[in-house]
Amino acid sequence: GMNAAVRAVVRMGIYVNAKVYFIYEGYQGMVDGGDNIVEVSWESVSSILQVGGTVIGSARCKSFRTREGRLQAALNLVRRGITNLCVIGGDGSLTGANLFREEWSGLLEELAQKGKIDAEAVKKYAYLNIVGMVGSIDNDFCGTDMTIGTDSALHRIIEVVDAIMTTAQSHQRTFVLEVMGRHCGYLALVSALACGADWVFIPEYPPEEGWEDTMCVKLSENRARKKRLNIIIVAEGAIDCHNKPITSEKVKDLVVQRLGFDTRVTILGHVQRGGTPSAFDRILASRMGVEAVLALLEATPDTPACVVSLSGNQAVRLPLMECVQMTQEVQKAMDEGRFLEAVRLRGRSFENNLNTYKLLSNKRPDAELPKTNFNVAVLNVGAPAAGMNAAVRAAVRVGITEGHKIFAVIDGFEGFARGKIKEISWGDVGGWTGQGGSILGTKRTLPAKYLEKIAEQMRTNNINALMVIGGFEAYLGLLELSAAREKYDEFCVPMVMVPATVSNNVPGSDFSIGADTALNTITDTCDRIKQSASGTKRRVFIIETMGGYCGYLANMGGLAAGADAAYIFEEQFDIRELQANVEHLTEKMKTSIQRGLVLRNENCNENYTTDFIYQLYSEEGKGVFDCRKNVLGHMQQGGAPSPFDRNFGTKISAKAMQWISKKLKETYRKGKVFANTDDSVCLLGMRRRKLVFQPVVELKSETDFVHRIPKEQWWLKLRPLMKILAKYKTSYDVSDSGQLEHVAMLPKEAETGAI
């Protein structure tokens with residue numbers, strides 16, 4: 001994702017008429033100067049969005065740690081009139097940048113004394129501004145929910161785990177996987193959560209004394225339950241409570257000696273740093289890059305050096321040194337054995353991941369489980385979306401832990417009416433997180449025409465609460481059921497909806513389960529198409545995406561794939577705009593970038609169809625470029641869920657089931673559950689920084705029912721971003737850009753949209 005950040009900084013910098021320079025090979029290049037510091041143009045960053053690593057190189061630099069080295073670096077910058085630095089790196093790079101800034105005026109004075117620069121230069125370049133972006137696959141930087149590169153690393157890990165699962169199933173094997181993270185267990189924890197691993201070892205939360213016995217008992221219990229494979233994930237920095245390392249070999253030997261299971265070790269190593277960046281990383285890095293340029297433009301000598309980062313779904317700026325100090329605090333807490341403190345300092349998101357993992361991986365013995373005598377039904381409604389199964393698994397397991405009986409409904413409301421309902425156990429949902437589509441089966445049918453029969457089924461099976469996982473139909477379905485409460489007492493029970501649809505068009509939530517997977521599919525396809533277009537030269541591709549009337553996939557896909565335009569329903573366009581786009585592409589073909597990519601949402605305009613736009617471009621571009629079109633279709637609904645969707649699905653669904661338990665207790669009177677208030681039918685959604693329960697009735701005013709989209713959508717603010725990065729002149733609304741906040745004061749509720 002670093003390249004996406006580099007590209008965004010360069011293009012936004014040029015857009016605001018600044019001169020932009022690359023410094024190659026990190027601080028080493030800054031010290032060496034010469035050809036390592038080069039002014040760049042718009043085209044310098046073309047075609048790098050889909051490349052892993054960084055095109056400007058990165059190097060550890062000993063000389064920058066010395067004052068002489070920094071003196072030389074300052075001279076190289078002053079000679080070119082550079083006083084704004086954008087640094088992409090981990091806490092080491094950022095701490096170095098901050099020191100450089102603090103010493104800046106002293107360095108200039110020393111250079112003037114040595115006669116290397118004149119007094120004029122000292123005055124003119126008196127201040128150095130610094131903005132940092134955190135690029136680190138470990139996600140170990142405090143104050144940021146997601147660092148650039150983390151999501152892509154998770155993609156690599158999950159690809160490997162999915163592949164290993166099939167071989168382990170066949171051979172009844174145990175696999176020990178070692179993932180990166182010397183000081184931070186984020187990757188290990190999240191991948192364990194995303195693949196349902198049996199055990200995970202992380203540095204922040206060492207296992208209790210006697211963990212060897214506990215682990216072996218658990219593994220053999222799982223085998224006895226007919227589970228054919230065991231997966232154990234070990235972070236490379238894993239330790240026990242005496243700060244002694246726990247290595248993957250040690251874990252393997254233990255399993256072999258005690259249980260005699262056929263066990264294999266896989267060390268992922270640098271695979272995790274490589275490969276194509278995920279859609280999430282590209283969008284995150286592009287947003288951060290633009291934000292970094294704005295922060296540099298607004299910086300004054302009095303503002304502290306800051307890092308731009310994401311909190312939930314919100315861009316924020318945080319004082320660099322506060323973040324670094326907090327990051328060092330975590331390490332200190334771990335060294336001193338204050339592990340609970342270390343987990344807390346890692347932030348709300350890390351803590352949540354850990355608690356959810358503990359909840360879902362360990363089945364308590366039946367004798368220890370509470371018995372509530374409540375029955376909860378879980379169903380999928382709408383079109384299939386990747387991550388639905390992860391959500392069902394979390395709901396079932398949390399429900400069982402809370403003491404309820406969980407019933408699975410097959411084929412949505414239609415199946416419900418036909419009595420396709422059965423109790424589902426802890427073991428039934430094993431291995432579900434990595435499965436795409438909907439295992440329970442899902443239908444778009446709404447409940448209105450089956451009310452009588454659904455009520456009867458709820459009576460027969462004594463269902464006390466409903467959890468619906470699905471898209472816009474699920475939302476409409478809950479509205480219909482809550483309206484039917486006057487007539488049927490059976491519907492007077494707590495009901496909750498978890499949004500799951502590739503279109504991301506459910507009101508009350510910034511994200512829905514399945515949209516990230518679809519976005520990655522679109523991005524991957526666009527990458528391949530761009531490659532084909534680059535080969536043939538002078539070719540423009542028109543790609544149609546799904547989403548109904550919601551332009552989320554087209555817009556964000558355009559941002560992640562580096563499209564020249566994205567046509568969406570929410571932003572009306574006419575023939576003049578189409579003409580302007582054709583002219584823009586004609587101009588582009590005169591440069592060294594001789595290819596074009598245009599995305600179109602399937603319902604953006606009933607007359608300007610994909611065919612129409614294709615024919616228009618073909619005619620208008622005659623002699624300059626030729627055109628091809630591609631309709632992506634249902635491949636956007638399939639595929640294995642991305643790490644984001646697995647985790648988002650797991651966490652949001654676990655939270656929804658806990659809400660159901662709370663509501664059941666509140667509404668249980670005289671031996672039965674009776675809930676008829678608006679706040680007992682809710683949608684759980686991600687809003688900016690937190691997960692919130694909202695009564696579906698209250699969301700009606702926010703919904704455009706004709707086009708099945710929310711009236712206001714947060715991602716429309718990112719439209720200008722895509723246009724700027726594609727070289728259109730447009731106005732960028734800075735009102736949403738981050739304000740400087742303090743780390744300690746980050747809202748405690750900040751649930752993360754970032755995984």
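The values are calculated or read from the model by the stated rules, or taken from the named source; none is laboratory data. Note that the structure is predicted; figures quoted are calculated from it, not measured. Every residue, glycine as well, gets a Cβ built from its backbone with ideal geometry; the counts of neighbours run over all protein chains shown. Note: accessible area is taken over every heavy atom of the protein model, side chains too, but ligands, DNA and RNA are not part of it. Shrake-Rupley method; radii C 1.70, N 1.55, O 1.52, S 1.80 Å.
Some observations on this one:
- Residues that are in contact (Cβ under 8 Å) with a residue 40 or more places away in the chain and either more than 26 Å from Thr356 (Cβ to Cβ) or within 25 Å of the chain's Cα centre (by Cα) (or both), drawn from segment 676-691: Asn676, Asp678, Cys682, Leu683, Leu684, Gly685, Met686, Arg687, Arg688, Arg689, Lys690, Leu691
- Considering residues of segment 567-577 that are of a type in the set (A, V, I, L, M, F, W, C) and modelled with pLDDT of 95 or more only, the residue least open to solvent (accessible area, probe 1.4 Å): Ile568
- Hits in segment 582-603 - residues which are open to solvent by 60 Å² or more (accessible area, probe 1.4 Å) and assigned to a loop (DSSP other than H, G, I, E, B): Lys590, Ser592, Glu602
- Gly269, sole failed condition from (1) of a type outside the set (Ser, Thr, Tyr); (2) modelled with pLDDT of 95 or more; (3) closer than 30 Å to Met133 by Cα: (2)
- Being over 17 Å from the mean Cα position of the chain (by Cα) and either closer than 17 Å to Gly52 by Cβ or open to solvent by 10 Å² or more (accessible area, probe 1.4 Å) (or both) is a property that Ile157 lacks.
- Condition check for Met180: under 20 Å from Arg264 (Cα atoms) and modelled with pLDDT under 90: no
- Any hit, segment 92-101, residues being among the aromatic types (Phe, Trp, Tyr) and in contact with a Gly (Cβ under 9 Å, 6 or more places away or on another chain): no
- When residues in segment 382-414 are screened for being outside any helix (DSSP H, G or I) and over 20 Å from Asn461 (Cα atoms), 6 of them pass.
- Which listed residue, of Phe569, Phe573, Phe511, is free of Cβ contacts under 8 Å to residues at least 40 places away in the same chain and not in a helix (DSSP H, G or I): Phe573
- Segment 160-180: number of residues that are within 28 Å of Leu94 (Cβ to Cβ) and open to solvent by 10 Å² or more (accessible area, probe 1.4 Å): 2
- Long-range neighbours under 8 Å by Cβ, at least six apart or interchain, first residue surrounded by 22 or more Cβ atoms within 10 Å (Cβ to Cβ) within segment 382-410, second aromatic (Phe, Trp, Tyr) and not in a helix (DSSP H, G or I): Asn389/Trp432; Ala390/Trp432; Val392/Trp432; Arg393/Trp432; Val396/Trp426; Arg397/Trp426; His404/Phe374
- In the set (1) free of Cβ contacts under 8 Å to residues at least 40 places away in the same chain; (2) among the polar types (S, T, N, Q); (3) part of a loop (DSSP other than H, G, I, E, B); (4) open to solvent by 60 Å² or more (accessible area, probe 1.4 Å), Gln615 fails one condition alone, (3).
- Strands (runs of 3 or more DSSP E) wholly inside segment 625-731 that include at least 1 residues being open to solvent by less than 10 Å² (accessible area, probe 1.4 Å) and either assigned by the TED database to the domain that holds Val540 or at pLDDT 95 or above (or both): 626-631, 681-687
- Residues located in segment 136-164, provided they are in a helix (DSSP H, G or I) and of a type in the set (A, V, I, L, M): Ala153, Leu154, Ile157, Ile158, Val160, Val161, Ala163, Ile164
- Residues within segment 532-564 that are open to solvent by less than 10 Å² (accessible area, probe 1.4 Å) and in a strand (DSSP E or B), tallied: 4
- Flag if Glu606 is in a helix (DSSP H, G or I) and at negative phi: no
- Looking only at residues in segment 337-378 that are over 16 Å from Ala654 (Cα atoms) and among the hydrophobic types (A, V, I, L, M, F, W, C), the one that is surrounded by the fewest Cβ atoms within 10 Å (Cβ to Cβ) is Ala367.
- Scanning segment 135-158 turns up no residue that is among the β-branched types (Val, Ile, Thr) and over 25 Å from Ser309 (Cα atoms).
- Residue tally, condition under 14 Å from Lys363 (Cα atoms), of a type in the set (S, T, N, Q) and in contact with a Leu (Cβ under 9 Å, 6 or more places away or on another chain), over segment 395-451: 1
- Exactly one residue out of Gly419, Gly427, Gly434, Gly441 is surrounded by fewer than 18 Cβ atoms within 10 Å (Cβ to Cβ), touching a residue at least 24 places away in the same chain (Cβ under 8 Å) and within 28 Å of the chain's Cα centre (by Cα), and it is Gly441.
- Neighbours by Cβ (under 7 Å, 6+ apart or cross-chain): first from segment 175-191, charged (D, E, K, R); second in a helix (DSSP H, G or I): Glu178/Ser248
- For segment 260-283, the criterion of a residue being open to solvent by 60 Å² or more (accessible area, probe 1.4 Å), closer than 30 Å to Asn520 by Cα, touching a residue at least 12 places away in the same chain (Cβ under 8 Å) and touching a Ser or Thr at 6+ places or on another chain (Cβ under 7 Å) is satisfied by at least one position.
- Annotation: Thr372 fulfils all but one of (1) over 30 Å from Ala675 (Cα atoms); (2) assigned to a loop (DSSP other than H, G, I, E, B); the unmet one is (1).
- Some residue of segment 197-213 being among the aliphatic types (A, V, I, L, M) and in a helix (DSSP H, G or I): no
- Gln257 being modelled with pLDDT of 95 or more and surrounded by fewer than 16 Cβ atoms within 10 Å (Cβ to Cβ): yes
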